[in-house]
Every structure is written in C-alpha cells, then in structure tokens.
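The values are calculated or read from the model by the stated rules, or taken from the named source; none is laboratory data. Remember, it's a predicted structure, so these values are computed and weren't measured experimentally. Ideal geometry is used to build each Cβ from the backbone, glycine not excepted, and the neighbour counts take in all protein chains shown. Note: areas computed on protein heavy atoms with side chains; ligands, DNA, RNA excluded. Shrake-Rupley method; radii C 1.70, N 1.55, O 1.52, S 1.80 Å.
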Amino acid sequence: MKTIKSRKSNPRITTLISLLKTTSRENEVNIWRDIADRLEAPARNYAEVNLSKISRYASAGEIIIVPGKVLGNGMLQAPVRIAALNFSQSASEKIRQADGECMTIEDLITNNPKGSRVRILR
C-alpha cells in the first residue's frame, strides 16, 4: 500500500491528527475520526466560532469541541468547557470570566478518550 505524505507543515497538527485516529480506533469512537477528518482539510476551512454561537447552542456544564479557533465576539452566559485548536486572547479571558474552561483538543482526548457528552460546533 502506498503511503501518502501529509501536506501539513505544522507538527502539532500532524501529531494531533494521528492521535485522534489512534484514539478513535482503540476506543471505537467515531467522534475523534470526524475531528481528524476536519483537521486534515485545508486550514482555510477550519472552523472559526464566536462565543455568541457557543452561548446560543451550549448549556451549562457542557463540553464543546471546536476543530479550529474560538473567537471572542459575544458574551458567554454559562460555564462551559471548550476544547479547540486555538483561542483568541479575548475569547480565553471571557471564558474564564464565565467560570468556564479553555483546553486543547489533546487535553480533552486524555481526559475523555471515549468522547462521551461532547458536542462539535462548527
């Protein structure tokens, strides 16, 4: 079988994609495979989600994953745990002010390898 070289030049992204795929296979969970597929797409197609959208669709105590960047437009009303590739500075400040938690996707995988009770926002 011919191996295909990844076009990603960021080593964090390539290791994250391989970690997502292995976790998906080991735990038989499709959510990690879906996130890996979204991160394999070109970076211009990554999600950019504002806090107003997270506030609209998330309830208190929920875990949200964003396969891209979280931006600081809007206000967060409820304490929500958010895992994303990147956070803007204003977004991370507003999340902490609302007693929420900012974490990387890698942290979420180690804390919740089964991917239970996780919602993907795009």
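Residues that are charged (D, E, K, R), over 16 Å from the mean Cα position of the chain (by Cα) and open to solvent by less than 70 Å² (accessible area, probe 1.4 Å) within the range 55-102 comprise just one, 94.
Given the criteria at pLDDT 95 or above, open to solvent by 50 Å² or more (accessible area, probe 1.4 Å) and within 22 Å of residue 109 (Cβ to Cβ), does residue 18 qualify?
It is true that residue 18 is at pLDDT 95 or above, open to solvent by 50 Å² or more (accessible area, probe 1.4 Å) and within 22 Å of residue 109 (Cβ to Cβ).
For first residues located in the range 96-122 and over 15 Å from residue 72 (Cα atoms) and assigned to a strand (DSSP E or B), partners that are among the polar types (S, T, N, Q) and open to solvent by less than 50 Å² (accessible area, probe 1.4 Å) and lie 6+ apart or on another chain with Cβ distances below 7 Å form the pairs 118/112. Counting the residues of the range 29-54 that are farther than 21 Å from residue 115 by Cα and touching a residue at least 24 places away in the same chain (Cβ under 8 Å) gives 3.
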